[in-house]
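K.L.:
One structure is given below, represented as structure tokens, and several questions about it will come after.
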Amino acid sequence: MSYLLHIDSSSLGEASVSHQVAQSFRDQWQGPVVHRDLAASPVPHLSAAGITARTTDPARHTTEQAKAAALQDELIEEFLGAGAYLFTVPMYNLSMPSVFKAWLDQIVVTDRTLIFNGPSPVAGRPALLISARGGGYGPGTPNEGLDYVVPTLEAVLGHDHLLGLDVTTVIPELTMAPVNPAMAPLLPLHEASMTTAHDKARTLATTFDTSLQQAL
């Protein structure tokens, strides 16, 4: 059976709301899991050696290029080997954690995960993106239009001309309401958001697992 690849990028570990919702998914998941915690073990940002290694004959790689290429190979093979994906990517300062962007830049590679004249080799595989945030950024809120996490990742991960995953997004929001007195009136909305997020994560785990079994 193919595995679930869980890419976790929250700096708070088990205290992270994104991580807690992801755990609800994993508690329901029946198959094997490969978990990469980027906060605990970050991958390096894409370097000049990593970029040039992609278009240089391996026999002519410098030591730096060979090392960078070996890391990319490891991350890409791990990504391609998964049958389903779980991405834990909270909002930090309106964007994604830099460790997740570093991982993404390492695995989005032309002719390996990104195919310009056809679908990506992972196209159509199910993926859950969990992105908690301290406030609310939906339609009608004061912060509407300031979410630069979900739209970007839904495009990179899910667009047909990019990675092409079948992405479902779960957004636990208003996570600062329990600790910020100014947000106390929003506490019921936060609690409802949390309940919905955990319930949806558990349901999706069963759905993904069934889909994966049928594909085998």
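The values are calculated or read from the model by the stated rules, or taken from the named source; none is laboratory data. Worth saying up front: this structure is predicted, and the values here are computed from it rather than measured. Every residue, glycine among them, receives a Cβ derived from its backbone with ideal geometry; neighbour counts consider all protein chains shown. Each accessible area value is taken on the protein alone, full model and side chains, heavy atoms only, with ligands, DNA and RNA left out. Shrake-Rupley method; radii C 1.70, N 1.55, O 1.52, S 1.80 Å.
K.L.:
How large is ³J(HN,Hα) for each residue in segment 38-43, as worked out from phi by the Karplus curve 6.51 cos²θ - 1.76 cosθ + 1.60 (θ = phi - 60°), to whole Hz, x for Gly and Pro?
P.N.:
With the stated coefficients, segment 38-43 comes to 6, 6, 6, 9, x, 8 Hz.
K.L.:
While we're here: Using only alpha carbon pairs under 8 Å that are at least six residues apart, calculate the relative contact order of segment 1-52 and give it in whole percent.
P.N.:
Computed over segment 1-52, the figure is 50 percent.
K.L.:
Next question, about the same structure. Looking at the P(r) of segment 117-181, how many percent of alpha-carbon pairs lie beyond 13 Å?
P.N.:
So the portion of pairs separated by more than 13 Å is 67 percent.
K.L.:
Taking springs between alpha-carbon atoms closer than 10 angstrom, which of 153, 163, 12 fluctuates most in the Gaussian network model of the chain?
P.N.:
Fluctuation is largest for 12.
K.L.:
For segment 1-156, what is the charge dipole size about the Cα centre, in debye to the nearest 20, if Lys and Arg each add +1 at the Cβ and Asp and Glu each add -1 at the Cβ?
P.N.:
With only Lys, Arg, Asp and Glu charged at Cβ, the dipole is about 100 debye.
K.L.:
With a cut-off of 8 Å between alpha carbons and a minimum separation of six or more residues, what is the relative contact order of the chain in percent?
P.N.:
Relative CO of the chain lands at 24 percent.
K.L.:
So, taking all protein chains as they sit and a 1.4 Å probe, how much accessible area belongs to residue 111, in Å² rounded to tens?
P.N.:
About 120 Å², rounded to the nearest 10.
K.L.:
Roll a 1.4 angstrom probe over the protein heavy atoms and tell me the percent of accessible area of the chain that is carbon or sulfur.
P.N.:
With neighbouring chains kept in place, the figure for the chain is 55 percent.
K.L.:
For residue 114, what residues show an amide H to amide H distance below 5 Å, using hydrogens built from the backbone and excluding near sequence neighbours?
P.N.:
Here 109 satisfy the definition.
K.L.:
Shifting gears a bit: With an 8 Å cut-off on Cα pairs and a minimum separation of 6 or more residues, tell me the relative contact order of segment 36-112 in percent.
P.N.:
43 percent
K.L.:
Order of 96-108, 124-136 by packing, highest average Cβ count within 10 Å first?
P.N.:
124-136, 96-108
K.L.:
Please list the non-local residues whose amide H lies under 5 Å from the amide H of residue 166, H modeled 1.01 Å from N, same-chain partners needing a gap of 5 or more.
P.N.:
Excluding prolines and chain starts, which carry no amide H, the hits are 124, 125, 127.
K.L.:
What accessible area per residue, rounded to a whole number of Å², is obtained for segment 19-119 using a probe radius of 1.4 Å?
P.N.:
50 Å²
K.L.:
Taking the Cα centre of segment 118-216 as origin and charging only Cβ (+1 Lys, Arg; -1 Asp, Glu), how large is the dipole, in debye to the nearest 20? Please report the intermediate quantities before stating the final value.
P.N.:
On the way: 4 positive and 9 negative charges, 32 e Å.
Its charge dipole is roughly 160 debye.
K.L.:
Residue-wise, which Karplus ³J(HN,Hα) couplings in Hz belong to segment 152-166, taking 6.51 cos²θ - 1.76 cosθ + 1.60, θ = phi - 60°, and x for glycine or proline?
P.N.:
Using θ = phi - 60°, the values come out as 5, 6, 4, 6, 5, 6, x, 5, 4, 8, 10, 7, x, 5, 8 Hz.
K.L.:
A further question follows. Tell me, what is the 1.4 Å probe accessible area of residue 148, in Å² to the nearest 10?
P.N.:
Spelled out: residue 148, probe radius 1.4 Å, area about 120 Å².
K.L.:
Amide H to amide H, which residues 5 or more places from residue 35 or on other chains are under 5 Å from it, using H placed in the peptide plane?
P.N.:
Residues meeting the amide H criterion: 6.
K.L.:
Beta carbons within 10 angstrom, averaged per residue: use that to sort the peptides 193-200, 4-11, highest first.
P.N.:
So the order, starting with the most tightly packed, is 4-11, 193-200.
K.L.:
Between segment 146-196 and segment 13-64, how far is it from one alpha carbon centroid to the other, in angstrom?
P.N.:
Their Cα centres are 21 Å away from one another.
K.L.:
For a test of the definition: using alpha carbon positions, the gyration tensor, and the 1.5 limit on a/c, classify segment 151-216 as rounded, prolate or oblate. Numbers along the way, then the final one.
P.N.:
Values: a/c = 5.42, a/b = 1.82, b/c = 2.98.
It is oblate, given that a/c is not under 1.5 and a/b is not larger than b/c.
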